[in-house]
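Scroll down for the structure; my scribbles are underneath it.
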Amino acid sequence: MIDWDQKKNLPIGFMDSGLGGLSVLREAVRIMPAEDFIYYGDSLHAPYGTKEEEVIRELTFNVVKILLKQGIKGLAVACNTATSAAVRRLRIDYPNLPIVGIEPAIKPAVVNHKNGRILVMATPMTIRQKKYQTLLERYREQAEIISVPCGGLMEFVERGRIEEDELNAYFEEHLLPYLSEDTETIVLGCTHYPFLKPYLRKFLEPRVIDLIDGSLGTSMELKRRLSEKNLLREENRKGYVKIQNSTGRQDMIDLSYRLLEMPVD
Ligand code: DGL
């Protein structure tokens, strides 16, 4: 027999290939302040986005097992790459655990679409996946959507200190060729990228382009799924966030807390 009240008091598990998922976690904390969270960043094995699907799935399952061992009542796979490689299998293996994943926020981009182009920045792996191609197919009639593979971009966040010149050179090489007069929205299809928003916005000046991501949508879905199972805690407390990282390095943990505190741009 499951003791539901006991279960309610467990933390919510979050995972990512590194520090990117913190952009989702900060939204989750904002909308569920009474909850406790355990965040596991697999920076030791990052990046996931340039690895093969099988490898990513195995790495993701390893992290999920670490979280489950500590006791969690729900799971957010806060990584687009891990979601496309592993979420279906995770749901089969853990049918009783509420699990949410994240995918590039193409839907809201299309809903608010005027007439321009939509760019999707994501890891090469996410773009190659069938899940993503199916998503593109669904909206192809409604808007011009262009995928921009961004291998090497998440590393700017993982390194902690951003060299603006280097980042601008990256954008010039990898993003600029896709930009056109009528680009109206850029979807940030990797959870690391929201932390680069201020730099990206500056790079894009004087163009005014909407930058959107799925972090709030995913957090709201997580809340809905937990509430459906009556697993949300009473609101009369303030929860904690515990951060773990596979590198075991304290500087990565410190950087994680700093990113978590970064104001949502
Ligand atoms: N943060 C991950 C994502 O959302 C990917 C970064 C990586 O490991 O390549 O796709």
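Farthest towards the positive end of the charge dipole of the range 10-134, among the residues ALA34, THR50, VAL111, is the Cα of VAL111, using unit charges on the Cβ of Lys, Arg, Asp and Glu. Rg ratio for the range 101-235: its Cα radius of gyration over 2.2 N^0.38 Å, N being its residue count, equals 1.13.
Among residues other than LYS223 with Cβ under 15 Å from its Cβ, the summed charge is +1 (Lys and Arg +1, Asp and Glu -1).
Per residue, the convex hull spanned by the Cα atoms of the range 211-257 amounts to 139 cubic angstrom.
Compared with the direct C-alpha span, the chain from GLU53 to ASN236 gains 61.6 nm at full extension, assuming 0.36 nm per residue.
Between the alpha-carbon centres of the range 196-218 and the range 112-154 there is a gap of 15 Å. Based on DSSP H segments of at least four residues, each scored -39500 (n - 2.57), the chain has a per-residue ellipticity at 222 nm of -13000 deg cm²/dmol. The packing ranking of peptides 78-88, 47-57, highest mean first, is 78-88, 47-57, where packing means the average number of other beta carbon atoms within 10 angstrom of each residue. Around the amide H of GLU144, modelled in the peptide plane, lie the amide H atoms of ILE118, all under 5 Å away and 5 or more residues distant in sequence or on another chain. Across the range 7-149, the volume of the C-alpha convex hull divided among the residues equals 115 Å³ per residue. When the P(r) of the chain is calculated, the portion above 27 Å amounts to 35% of the C-alpha pairs.
Among the GluC sites (Glu not before Pro) in the range 78-155, those placed in a DSSP loop whose Cβ has at most 12 other Cβ atoms within 10 Å are GLU141.
Pull out a ≥ b ≥ c, the square roots of the eigenvalues of the alpha-carbon gyration tensor of the range 144-211, then state rounded if a/c is under 1.5, prolate if not and a/b is larger than b/c, and oblate in the remaining case. Prolate. Computed 3J(HN,Hα) for the range 197-212, one whole-Hz value per residue from the Karplus formula 6.51 cos²θ - 1.76 cosθ + 1.60 where θ = phi - 60°, is 3, x, 6, 5, 4, 5, 4, 7, 3, x, 5, 10, 10, 5, 10, 10, glycine and proline marked x. When peptides 22-28, 166-172 are sorted by average Cβ neighbour count within 10 Å, with the highest value leading, the order is 22-28, 166-172. For the range 79-128, the fraction of 1.4 Å probe accessible surface lying on carbon and sulfur atoms is 48 percent. Summing Cβ point charges (Lys, Arg +1; Asp, Glu -1) relative to the Cα centre of the range 51-195 gives a dipole of roughly 1100 debye. Excluding ligands, DNA and RNA, the accessible surface per residue across the chain is 48 Å² with a 1.4 Å probe. Report the Cα centroid-to-centroid distance between the range 10-24 and the range 49-69 in angstrom, as an integer. Each part reduced to its Cα centre gives a spacing of 13 Å.
Modelled spin labels at LYS131 and ARG88, positioned 7 Å past Cα toward Cβ, are 0.9 nm from each other.
Over the Cα atoms of the range 66-144, the radius of gyration divided by the Kirkwood radius equals 1.06; this is the Rg/Rh ratio.
The values are calculated or read from the model by the stated rules, or taken from the named source; none is laboratory data. Since the model is a prediction, treat every value here as computed from it, not as a measurement. For neighbour counting, all protein chains shown are included, and Cβ atoms are generated from backbone atoms with ideal geometry for every residue, glycine included. Calculation scope for accessible area: heavy atoms of the full protein, side chains included, ligands and nucleic acids excluded. Shrake-Rupley method; radii C 1.70, N 1.55, O 1.52, S 1.80 Å.
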